[in-house]
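Working notes, beginning with the structure itself.
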Amino acid sequence: MKKIFLTTIALGAFAATSAFAAGPADLSGFSIGANAELSTGSASATDGTSDTGKTTALGLQARYDWALTPNFAIGLGGSYSSGNHLAGTYANGTAASINNRYSIDVIPTFALANNFQVYGKLSSIYGSAASNDGSSTNDVQGVGYGIGVRQMLDKKMYWQAGYDLNQFKDVTFATGTTSSLKENVFSLGIGYKF
């Protein structure tokens, strides 16, 4: 029994040494990234619209993280997603979309291993919504919530995957129609940490 106990302690000590040989995760610093995004938007409006649409887009991001402990950091960042994010079609056939979405993000990050992190995201989001008559746009603002994972490929390069739910405040167009827009965004990207 004593040999089994000592062998278990020795194997445990070896495993712990191997797992932490690289030291704690380096969470502090500035990073930039590019993501392929697939978004599913939805629109419901007072003109009877209730529809969805799908869009692929390029997303760009930048953030700075401050490590508060060896395994926890808070990040502040910004993101931009190009193009028109389709949310469906209004009752009259005009496309319902959010154009050039950008956000300011607060990102808590937990290191699960030296090179693997899980993060949450709270965002203040902005964009332009195409009106239901197709002749103008209105600025929209909302709140986004997200989760994701990031894995360091080496000391500088990483890949990441995430999911965001973006809910915009209702917008009333000059036509009198009020629209409610939201989107679910799945992303996969690569980045560089300075």
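The values are calculated or read from the model by the stated rules, or taken from the named source; none is laboratory data. Computed from a predicted model, the values in this text were never measured in an experiment. With ideal geometry, Cβ positions are generated from the backbone for all residues, glycine too; neighbour counts draw on all protein chains shown. These area figures cover heavy atoms from the full protein model, side chains too; ligands, DNA and RNA do not enter into them. Shrake-Rupley method; radii C 1.70, N 1.55, O 1.52, S 1.80 Å.
When you check Asn132 against the structure, is it surrounded by 14 or more Cβ atoms within 10 Å (Cβ to Cβ), at pLDDT below 95, closer than 29 Å to Asp26 by Cα and not hydrophobic (A, V, I, L, M, F, W, C), yes or no? No, not satisfied. Pairs linking a residue in segment 85-99 that is open to solvent by less than 30 Å² (accessible area, probe 1.4 Å) to a residue that is among the small types (Gly, Ala, Ser) and not in a strand (DSSP E or B), with Cβ atoms under 9 Å and 6 or more positions apart or on different chains, are Tyr90/Gly48; Tyr90/Ser131; Tyr90/Gly134. Scanning segment 104-134 for residues that are touching a Pro at 6+ places or on another chain (Cβ under 8 Å) and under 30 Å from Ser180 (Cβ atoms) gives Tyr119, Gly120. Among the residues making up segment 25-46, those that are of a type in the set (Gly, Ala, Ser), crowded, with 21+ Cβ neighbours inside 10 Å and more than 15 Å from Gln117 (Cα to Cα) are Gly33, Ser39, Gly41, Ala43, Ala45. Whenever a residue of segment 170-194 is open to solvent by 30 Å² or more (accessible area, probe 1.4 Å), its partners that are assigned to a loop (DSSP other than H, G, I, E, B) and among the polar types (S, T, N, Q), lying with C-beta atoms within less than 6 angstrom and at least six residues away or across chains, give the pairs Thr175/Asn132; Thr178/Thr46. Residue count for segment 33-77 under the criterion of being outside any strand (DSSP E or B), within 25 Å of Ser97 (Cα to Cα) and not small (Gly, Ala, Ser): the result is 3.
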